[in-house]
Amino acid sequence: MKPPSAVKIKKMPSRFKHQVAKYKVTRSNTCINCGTCAKSCPYGVHERVEGHNRVRPPINYKCIGFECQNNDFYCVAKCPRKALSLSLNPMYETLGDYRWTADMITATWIMAETGYPPERKDLEYNIGNSGGGFDKLRFKFPPGRPKIDKLEISTEITLNRRNDGRANIVISTPVYGGGMSFGSVSLPTMLSKARNATIWNTFTCTGEGGYPEMLQPYDHNVITQVATGLFGVREETIQRVRIVEFKYAQGAKPGLGGHLLGEKNTESVARMREAVQGTSLFSPFPFHSVYSIEDHKKHIDWIKEINPQALVSVKVSTPNDVDMVAVGSYYAGAHIIHIDGGYGGTGAAPDIAKKNIAMPIEYAIIKVHNFLKEEGAREAMTLIASGGIRTAHDLAKAICLGADGAVIGTAELVSLECVRCGNCESGRGCARGIASTDSELSALFGEEWATQRLVNMYHAWNVQLVEILQKFGMRSVRELVGRTDLLEHIDYSAPR
Amino acid sequence: MPKKYHINSKVTPLNLDYVFKFNIERGENCINCGKCTKVCIYEAHKRRKDDPRKMADPNTVVCRNCFRCIQECPRGALEKSLDKDFLNIGGSYWKSDIFITLWKQAEDGKVPVTGAGYRGPFTGSGFDGMWTDMSEIVRPTRDGIHGREYINTSVELGRKLNHLTFDEKGKLLSKVHDTVDIPIPIIFDLPPDNLSPNVKAALVKAAVELNTCIVLPAGDIASDRKKYIKNIIPLISHKEIDKHQGLIKNTRIVAIEYADELLSNFPAAKDKIKKISNALTIIRIPATKSVETIVSKLTQNGAEIIHIVADYRGREVNGSTDYNRRLLKDIIRAVHLKLIDDRIRDEVTIIASGGIAMAEHVPKAMICGADLTAVDLPLLIALGARLYEEPEKLLIIPEGLEKIPVRTLTQRIINLMGAWHSQLLEVMGAMGIREARRLRGESGRAIFFEEIDNDTFGKLFKKRETVNV
Ligand code: SF4
Ligand code: SF4
Ligand code: SF4
Ligand code: SF4
C-alpha cells in the first residue's frame with residue numbers, strides 16, 4: 001500500500017506541556033541530590049539544575065515504566081540511597097473507561113503524534129476492556145512468514161457497487177469521518193477533518209447542521225447530511241457533493257432525534273440552519289414524511305433527481321430489524337447502508353439511551369451482511385459500520401464480520417486529544433477546545449496541528465490494517481469482507 | 001385522551017457531604033503561578049481568600065476530569081486520582097457511579113445527558129444483559145419526547161377478565177373487577193423503620209404528589225398520615241385483617257404478607273377484606289426459588305396483585321449466599337412465562353422489586369413481564385443516603401438529615417421520579433410504544449445478550465469447530 005501522495009507524515013506532538021502519565025516515579029527524602037538518576041535516565045525524567053539544591057520532581061509521563069527494570073540505566077536500582085520507586089500512576093485510572101481504555105487513548109495519541117502504531121510494549125491498545133464484542137474477537141493468523149510485499153496490498157474500496165451509471169467513487173482507506181455538525185465541534189475540528197479527508201482521498205460528513213461555506217474547498221470529499229430536521233438542506237448543497245447521506249437515526253440515541261439547545265443556536269448556527277437564533281432546535285424522530293420503504297424511495301429519488309451523479313447513503317441505527325431496514329434501503333435505491341451501533345459517540349445523548357437502546361454494532365454487521373446476501377443484494381450495496389470502531393483492529397474485525405468499511409468519530413477526536421470526559425455539551429462546551437464553539441476554547445489549537453494529527457492517525461491505522469492483510473496473505477482489503485472464519489471468539493472457539 | 005401527567009421538578013440542592021469521583025491534590029512544588037485557575041473552566045482552582053498569593057486547596061467536587069490543569073501546570077504539581085470514598089461506596093451491584101447520577105437527578109430532576117459514547121462494559125448480569133429495541137423507519141409515529149404526542153405511562157393494578165360474557169340480550173354478565181390506576185409504573189416500597197419523621201413524611205408526601213402509592217407497615221401509619229391513606233398501602237399479616245379494619249376501610253389497596261396457608265385460604269382472606277371495603281389486595285411474596293409456582297397457584301386462587309420481592313441487589317432470596325441465585329430479570333421472566341403457560345397472565349398484576357436502582361430498570365422489568373415496579377433504596381439515596389454492600393449491607397443516612405425541611409426532601413424525591421419518568425419516556429419513545437401497559441412482556445422488543453450473542457457468535461464459532469472435526 002502506498003498512501004495517497006498528499007499524505008505526509010510529520011511528528012506533531014501534544015499541545016500540552018505534560019502528557020498523562022502511566023507511571024509514577026517517587027523520590028523519597030533520603031535523596032541526597034547526587035544527580036545519579038538525572039545522568040542515567042535517557043528519557044529525561046529526572047532533571048537536576050546546576051545551582052539548585054534539589055533535583056526537580058520527576059517528569060512522570062516520560063518514564064517508560066516497569067520494562068525499564070532490565071536496563072542497566074534503571075534509575076531505581078542506580079540510586080545510591082534507594083530513594084526512588086516506580087509505580088503505576090493513580091492518575092492513569094482516571095483516564096479512559098471500559099470501552100476506551102487509558103492504554104487505547106494513550107496509543108491513539110501516540111499514533112496522532114508519530115503516524116505509526118506505538119513502539120512501546122506496555123500498552124494494550126488493540127482491544128478494550130469491555131468484555132464483549134470486538135474485545136472478545138481475535139484474529140487467527142496463519143503461521144509462517146508473510147509472502148506478499150506490503151506495497152502490493154490495496155486498502156481501497158469502491159462505494160458505488162450498483163452499476164447504475166453514477167460516479168464510481170473509490171476511497172484509499174476503508175474509513176471515513178463521521179458527521180459532526182457545525183455548532184457541535186469547533187471550526188478547526190471541522191476543517192481539519194475535511195482537510196484530512198481530502199489528503200487521504202476519503203470523506204468527512206457535515207452532520208445535520210447545514211453546510212458551512214468554509215467547507216466548500218473540500219466539496220469533493222464532503223458528505224452532506226439530510227437529517228430529520230432538514231436544517232440547512234438546500235438543492236445547491238446537494239448538487240455540490242458526491243455523496244448525500246440520509247440520517248434516520250444515530251446509534252448513541254436511536255429513536256430520539258436531535259436537540260440543539262437554544263443557547264447553542266448562535267447567530268452563525270442559526271443562519272446555517274435557516275432557523276431563528278436562540279430557539280431550541282429539534283430534529284424529530286423519525287422523518288415525518290417517511291412511513292414506508294416507498295416513502296423512503298421517494299426521498300432517495302428526489303436526491304438522485306437533484307444531483308444525477310451523487311451516491312446516496314442511508315444511516316440508520318441498530319434495532320432488531322436493522323436487516324430489513326437495510327434491504328429496504330437497497331430496494332429504495334441507496335448505494336451505501338451505514339449502520340451506527342448503540343455504543344457509538346455523540347455530542348450529547350441521554351445516558352440511558354447510550355447504554356440501553358439498540359444493539360451493539362458487532363451483531364448488526366453480521367445480521368445485515370447475511371440478510372443482504374440472502375436477498376441477493378449484498379453485491380450491490382456498500383455496508384459501512386460505525387458506532388464503536390475504536391481501533392484499526394476493530395476496523396479489520398468489522399470487515400471480517402461483513403462490513404466493507406467503517407466510519408469513525410471518537411478516534412478522530414481522541415487524535416485531537418479528547419480525553420472522553422463527556423462534557424462536550426455542558427456550559428461552554430469542551431474544555432479542550434474540540435467540541436466547543438466558545439471563542440476562547442475553540443482557539444486552543446489550530447487547523448494545521450489538527451490536520452496533521454488526523455493524517456498521522458489515519459496513517460497508523462492504515463499501517464496496522466496492511467499488516468493484518470499481509471499476515472493473511474491478502475492483496476486487497478476487499479478479500480477480508482465477511483471472513484468470519486479468520487476470527488475466533490474467546491468464549492466460543494475451542495482453544496487451539 | 002387522559003390529562004397529561006406532568007412531574008414538577010425544581011432544582012433542589014442539599015448541602016450534604018457527597019462522595020465525588022476525582023480527587024485532585026496540589027503538590028508542594030506548586031509555585032502559585034495561577035495557570036490552573038486560568039485553565040480550569042469549572043473553577044476548581046482558586047486563590048486563597050485570606051492570602052491571595054497562595055492557591056487554595058482544589059475544589060475537587062466540581063472537577064469534570066478534563067485533565068487540563070494536570071497537563072498545563074508548569075511544574076506538574078497537580079495529581080489526580082479516583083477518590084477513595086468513591087471507590088468504596090456501593091459494591092458490585094450498586095456501582096459507585098449510580099450514586100452520583102441518582103444524587104444529580106434528585107437535585108435537578110433532569111435526564112442525565114452527557115457527551116461522548118457509552119463508557120461501560122459491553123454487557124453485564126441481570127438487566128445489564130439486555131438492550132431495548134427501537135423502531136427505525138417503517139413504523140407509525142412515536143414522538144412523545146418533546147411534547148408532540150402523548151405517551152401514557154399509567155398502569156392499572158387489579159385483576160382483569162380473560163373474556164367477557166353476555167346473556168342472549170347482549171347484557172354484560174361478567175362482573176368487571178375494580179382496578180386502581182396509577183400514573184407511573186412505580187410505587188414506593190417499605191422504607192426502613194429507623195428513619196426520622198421528616199424523611200418518612202417526605203416519602204408519603206412525594207407519593208401523594210406523584211399520585212402513586214407507598215407501602216408502609218400498618219403499625220407505622222400515624223394518625224396524622226391518615227389523610228393520605230388513599231396513597232398508602234398498609235402492609236398487614238393476613239391474620240390481622242380484623243385488627244386493621246379502620247385502615248382497610250379507607251384505603252384503596254392493602255398488602256398482606258405471604259404465608260403458606262394463603263395458598264389454600266386466600267379467598268377467605270380476600271372476602272374478609274372485601275366485606276370491609278372495596279380495597280384491592282396485594283400479596284407480598286419473597287422471590288424464592290419456587291416463586292413462579294406459588295404465584296401461579298395464588299392467581300388460580302383469586303389473587304389480584306402479587307408483589308415479588310427480591311433482595312436489595314435484585315437476587316433471589318433462598319437463604320443461601322451462593323452467587324447462582326437468579327436475578328430479578330430472570331425471576332420476572334419465569335413468573336410471566338409460567339402465568340402465560342397457565343393462561344392466567346391477565347388475571348393478576350405483578351409488581352417487581354428489589355434492586356431497582358436506575359431508571360432503565362423500570363422499563364426493563366416491565367419488558368421482562370412485570371406490570372410495574374416498586375422502588376425503595378433510590379428514594380433514600382435521593383436524600384443523600386449511602387449504601388455499602390461489603391462486608392454486609394449497610395445503609396448510611398446522612399448526618400443532619402433529620403433537620404432538613406420536609407418540603408426539600410419531598411421535592412428531591414419528586415425530582416428523582418421526574419427524571420425517571422422522563423427516561424421512561426425516552427425508552428418508550430424509541431421503541432414506538434405509547435402505552436406503558438403495552439411494555440409488559442414485550443420481550444420481542446428487547447435484545448437479550450445471551451440469546452443474541454449465542455445466535456451470532458455462538459453459532460458462528462461453534463459450528464465451525466464441529467465442521468472441522
Ligand atoms: S524507570 Fe527508567 S525511564 Fe523511568 S525514570 Fe527511571 S530510568 Fe527513566
Ligand atoms: S468535552 Fe471531553 S469528551 Fe467531549 S470532545 Fe472535549 S475532551 Fe472529548
Ligand atoms: S498551575 Fe501548578 S504551579 Fe501554577 S498555581 Fe497551579 S498548581 Fe501551582
Ligand atoms: S482536571 Fe480539568 S476540571 Fe478537573 S480540576 Fe483540572 S482543569 Fe479543572
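Derivation of every value follows stated rules applied to the coordinates shown; laboratory data play no part. Since the structure is predicted, the reported quantities are computational estimates derived from the model, not experimental observations. Counting neighbours? That spans all protein chains shown, and the Cβs are built from the backbone with ideal geometry, glycine included.
Put the Cα centre of segment B:277-328 next to the Cα centre of segment A:384-457 and the gap is 48 Å. When the Cα positions of A:360, A:248, A:265 are compared along the charge dipole of chain A, A:360 comes out farthest toward the positive end, with charges on each C-beta of Lys, Arg, Asp and Glu. Highest mean first, the peptides B:181-190, B:231-240, B:398-407 sorted by other C-beta atoms within 10 Å per residue fall in the order B:181-190, B:231-240, B:398-407. Inter-part distance, segment B:259-273 to segment A:327-347, computed on C-alpha centroids, equals 56 Å. Taken residue by residue and averaged, Cβ atoms of other chains lying within 10 Å of the Cβ of A:485-492 number 5.
Between the residues A:110, A:87, A:1, the greatest Cα displacement towards the positive end of the dipole of segment A:1-120, with unit charges on the Cβ of Lys, Arg, Asp and Glu, is found for A:110. Mean partner shielding of peptide B:108-114, defined as the number of other chain Cβ atoms within 10 Å of each residue Cβ, is 5.
Which whole-angstrom value gives the distance between the alpha carbon centres of segment B:162-189 and segment A:132-171? Value for the Cα centre distance between the two parts: 61 Å.
In terms of its Cα atoms, segment A:9-112 spans 43, 29, 23 Å along the principal axes, sorted from long to short. Per residue, chain B reaches -9000 deg cm²/dmol at 222 nm when only DSSP H runs of four or more residues are counted, each adding -39500 (n - 2.57). Positive end of the dipole of the protein assembly as shown (Cβ unit charges, origin at the Cα centre): among A:302, B:162, A:451, the Cα lying farthest that way belongs to A:451. Put a plus charge on the Cβ of each Lys and Arg, a minus charge on the Cβ of each Asp and Glu, and nothing anywhere else: the dipole of chain B about its Cα centre is then about 1160 debye. Peptides A:308-318, A:438-448 ranked from most to least packed give A:308-318, A:438-448, packing being the mean of other C-beta atoms within 10 angstrom over each peptide's residues.
Need one number: the % of Cα-Cα pairs in segment A:325-444 sitting beyond the 21 Å mark. Everything past 21 Å amounts to 48 percent.
When Lys and Arg each count +1 and Asp and Glu each count -1, what net charge do the other residues less than 13 Å away from residue A:152, Cβ to Cβ, add up to?
For residues surrounding residue A:152, the net value is +1.
For residue A:140, the lysines whose Cα falls under 19 Å of its own Cα, not counting residues fewer than eight places away in the same chain, are A:397, A:471, B:459, B:462, B:463.
So if the hydrodynamic radius of segment B:1-131 is defined as the Kirkwood radius over C-alpha pairs, what does Stokes-Einstein give as its diffusion coefficient at 37 °C and 0.692 mPa s, in µm² per second?
Stokes-Einstein gives a translational diffusion coefficient of 185 µm²/s.
Can you pull the percent of Cα pairs in chain A with separation above 30 Å? Value for chain A (Cα pairs over 30 Å): 49 percent. Charges were assigned to the Cβ only: +1 to each Lys and Arg, -1 to each Asp and Glu. The resulting dipole of segment B:1-129 about its Cα centre is roughly 520 debye.
Taking the fewest neighbouring Cβ atoms within 10 Å as the starting point, the ordered list for B:339, A:187, B:14 is A:187, B:14, B:339. Counted by Cβ distance under 9 Å from residue B:202, the other residues give a net charge of +4, where Lys and Arg count +1 and Asp and Glu count -1. On the principal axes of its alpha carbon atoms, segment B:145-453 extends 67, 54, 49 Å, with the longest extent given first. Sorted on the mean count of surrounding Cβ atoms within 10 Å across their residues, most packed first, peptides A:107-113, B:192-198, A:48-54, A:393-399 read A:393-399, A:107-113, B:192-198, A:48-54.
Listed by chain and number, the lysines whose alpha-carbon sits under 24 Å from that of residue A:62, ignoring those within fewer than 8 places in the same chain, are A:10, A:11, A:17, A:22, A:24, A:39, A:78, A:82, A:121, B:35, B:80. Over all Cα pairs of segment A:147-224, how is the pair count split among 5 Å bins, expressed in % and running from 0 up to the last occupied bin? Pairs per bin, as whole percents: 3, 15, 23, 20, 15, 12, 7, 4, 2, 0. Each stretch of four or more DSSP H residues adds -39500 (n - 2.57); spread over every residue of chain A, this sum gives -8000 deg cm²/dmol at 222 nm. Radius of gyration over Kirkwood radius for the protein assembly as shown, both on Cα atoms: the Rg/Rh ratio is 0.99.
When only the Cβ of Lys, Arg, Asp and Glu is charged (+1, +1, -1, -1), the dipole of the protein assembly as shown relative to its Cα centre reaches about 1600 debye.
Over all other residues within a Cβ to Cβ distance under 13 Å of residue A:407, the charged ones net out to -1, with Lys and Arg as +1 and Asp and Glu as -1. Per residue of A:313-324, other chain Cβ atoms within 10 Å of the residue Cβ number 4 on average.
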